[in-house]
Amino acid sequence: MPDSEQSTRPTPSEQSTGPEPSARPSPPAPSDRSPRSDPPAAAVPPPSHPTHSIDRAFLRLARRRPDVRWDAGGVAYLSGPPPTLADFRAYVGFRLGRLPLLTSRVEGGRRPRWQPDADFPVDRHVHEVAADGPDAWEAALNTALNAPFAPGAFWGVWLIHGHAPDAYAVCYRFHHACQDGSAAAMTFRTMLGEGEPSARPVPGRSRRSGVPRRVGAAVGLAAKFMAGSLTVRGHRPGPAFVPTGERRLWRGRVPTDTLRGIGAARGGSAHDVHLAALAGALSVWSDRSGVPLPRVTAVLPIDARRPDEDQTWGNRCFALPLELPVRAVAEQPDGPGDASLRRLEHVMATTRKVRGETWRQAIQDLVRFMPGRPTEWYLRRMLSARVTNVMTTSMPLADKGSLGETQVTGAALLPPLVPWHLFGVGLSFFGGWAEVSFVADRALPQGELLPELWEQAVGELEKSSAPE
């Protein structure tokens, strides 16, 4: 990828700077609908909605560490002429009628609530970045990735265009107190997606285990992971680089059926294959970049919503540590194919319990009933450099997507990136593609190699898993 430092960085503007495009998306409403128009009556939000303990934990983390950017999000890439900023704001304003959280604010003291904002300003949340020609695309994207939210805002959307007449992107970022990945995926589907609403795994309504057994499982699981966070091997690792605070995004992709086929052949999932390929990519990247990786432990978010629970409000995820087999497997004397399969077996042995009904139910109960202070303590530990150094997440998005007459051609997740982590990696399933995205600080050595190395690691797994 070209070095974006050689380009002039644009700044978000409040008005469109280019000529009016010939084809624009428009909201499914009369053309004179304004961004502040009232949503349909059926979509009026409730008077208020309680914050969850994880929401409050992220709010307190933001107050404790104002130097850290506690946001995540995603980028949708579209094929077709971009809309004007005014049309885009009107489109977003109309869609917000189905996303009440995004038009709410946090109010209250120790037990704050999400309150609907009666005078919600769309203009303060929807922005534009115009690239000055094809060579300025990366600089425009970086502007959207790193732009601060408006004062008091928990989210923002950036329309990125100007690099080509028939292509543009939409970058959505949110404070993690506002949403988790599943809620953000629902936002994607509401704004741009078509097809099935979700493919998230949730616990069924079990009749086999009563309340005492579930309480015991939840308490035991909490004790297991809290104790594990206190007994991490070694000391705080030295920094691999000095972060600049400026984020970069690198992408790769393989057909979804490739990941699923490899997983099915070994009795695992597409996400297992992704994590095994990530471990293989990191082994090669460490050797090439000179960054030693004696241990790589990833934060793995688990969606813990109940089957009947609304996806649009707040956080319902639980963070689990997962050690990636970067070195322990690769150093064995067999060929690269055997090493890739051993990585996959190692990952599957770790994730098998998480996929089981007992653990999923216990995680769901923990997230539902865990008090605020222990939740914040646990979250701090899981994100600590003593425990983890990579954030990894995955999310099904949609079968297809569009904005007016323009079509979504690809997507990239933007996992949260804390300064003491190497990077965040997201795997999104959109259409027939599994798209991997690496979000890292600009100073990460040779970070641009990671997507290609991940694709190559998937290829090794596919070759090793093929029947002879």
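Under 6 Å by Cβ, and 6 or more places apart or on different chains, what pairs join a residue from the range 111-136 that is assigned to a loop (DSSP other than H, G, I, E, B) with one that is open to solvent by less than 90 Å² (accessible area, probe 1.4 Å) and β-branched (Val, Ile, Thr)?
Going by the 6 Å Cβ cut-off, the qualifying pairs are Pro112/Thr51; Pro112/Val106; Asp117/Thr103; Phe120/Thr103.
From the list Ala150, Ala169, Ala139, Ala164, which residue is without any contact (Cβ under 8 Å) to a residue 40 or more places away in the chain, closer than 26 Å to Pro415 by Cα and small (Gly, Ala, Ser)?
Ala150
Which pairs turn up if I take residues in the range 377-392 that are under 26 Å from Pro451 (Cα atoms) and free of Cβ contacts under 8 Å to residues at least 60 places away in the same chain and look for partners that are open to solvent by 20 Å² or more (accessible area, probe 1.4 Å) and part of a strand (DSSP E or B) with beta carbon separation below 8 Å, at least 6 apart in sequence or on another chain?
From residues that are under 26 Å from Pro451 (Cα atoms) and free of Cβ contacts under 8 Å to residues at least 60 places away in the same chain, there are no pairs.
Looking only at the range 454-468, which residues are closer than 16 Å to Gly426 by Cβ and either open to solvent by less than 20 Å² (accessible area, probe 1.4 Å) or out of contact with any strand residue (DSSP E or B) (no Cβ under 7 Å at 6 or more places or on another chain) (or both)? Walk me through it before giving the result.
Taking the range 454-468 as the starting set, the residues that turn out to be closer than 16 Å to Gly426 by Cβ are 454-455, 458.
Trp454, Val458, listed by residue number.
Cβ-Cβ below 6 Å, separation at least six or inter-chain, first residue in the range 395-407 and assigned to a loop (DSSP other than H, G, I, E, B), second surrounded by fewer than 20 Cβ atoms within 10 Å (Cβ to Cβ) and among the hydrophobic types (A, V, I, L, M, F, W, C): which pairs?
Note: pairs meeting the criteria are Glu405/Ala23.
Could we say that Phe88 is closer than 29 Å to Cys317 by Cα and hydrophobic (A, V, I, L, M, F, W, C) here?
Details: closer than 29 Å to Cys317 by Cα: no; hydrophobic (A, V, I, L, M, F, W, C): yes.
When the stated conditions are applied, Phe88 does not pass them.
Among the residues of the range 97-131, how many are open to solvent by less than 10 Å² (accessible area, probe 1.4 Å) and of a type in the set (Phe, Trp, Tyr)?
1
Counting only residues that are small (Gly, Ala, Ser), open to solvent by less than 20 Å² (accessible area, probe 1.4 Å) and either over 16 Å from the mean Cα position of the chain (by Cα) or farther than 13 Å from Ala76 by Cα (or both), how many does the range 399-447 have? Spell out the reasoning first.
First, the residues of the range 399-447 that are small (Gly, Ala, Ser): 401-402, 404, 410-412, 424, 426, 428, 431-432, 434, 437, 440, 443, 447.
Checking which are open to solvent by less than 20 Å² (accessible area, probe 1.4 Å) leaves us with 401, 410-412, 424, 426, 428, 434, 437, 440, 447.
Then keep just the ones that are either over 16 Å from the mean Cα position of the chain (by Cα) or farther than 13 Å from Ala76 by Cα (or both); that gives 401, 424, 426, 434, 440, 447.
Selection size over the range 399-447: 6.
When you look at Val387, is it assigned to a helix (DSSP H, G or I), of a type in the set (A, V, I, L, M) and over 16 Å from Gly74 (Cα atoms), yes or no? Spell out how you get there, then give the answer.
On the way: assigned to a helix (DSSP H, G or I): no; of a type in the set (A, V, I, L, M): yes; over 16 Å from Gly74 (Cα atoms): yes.
No: the conditions fail for Val387.
When you go through (1) crowded, with 24+ Cβ neighbours inside 10 Å; (2) without any contact (Cβ under 8 Å) to a residue 12 or more places away in the chain one by one for Arg373, which number turns out not to apply?
Condition (1) is where Arg373 drops out.
Out of the range 375-409, which residues are among the β-branched types (Val, Ile, Thr) and more than 26 Å from Arg65 (Cβ to Cβ)? Even if it seems obvious, please write down each step before you answer.
Pass one, the range 375-409, residues among the β-branched types (Val, Ile, Thr): 375, 387-388, 390, 392-393, 406, 408-409.
Thr406, Val408, Thr409 - these are the residues of the range 375-409 that are among the β-branched types (Val, Ile, Thr) and more than 26 Å from Arg65 (Cβ to Cβ).
Find the residue count for the range 274-327, including only residues that are open to solvent by less than 10 Å² (accessible area, probe 1.4 Å) and touching a His at 6+ places or on another chain (Cβ under 9 Å).
7
The values are calculated or read from the model by the stated rules, or taken from the named source; none is laboratory data. From a predicted model like this one, the values you see are computed outputs, not experimental measurements. Because the Cβ atoms are built from the backbone with ideal geometry, glycine has one as well, and the counts that use them run over all protein chains shown. Heads up: the accessible areas ignore ligands, DNA and RNA and are worked out on the full protein's heavy atoms, side chains in. Shrake-Rupley method; radii C 1.70, N 1.55, O 1.52, S 1.80 Å.
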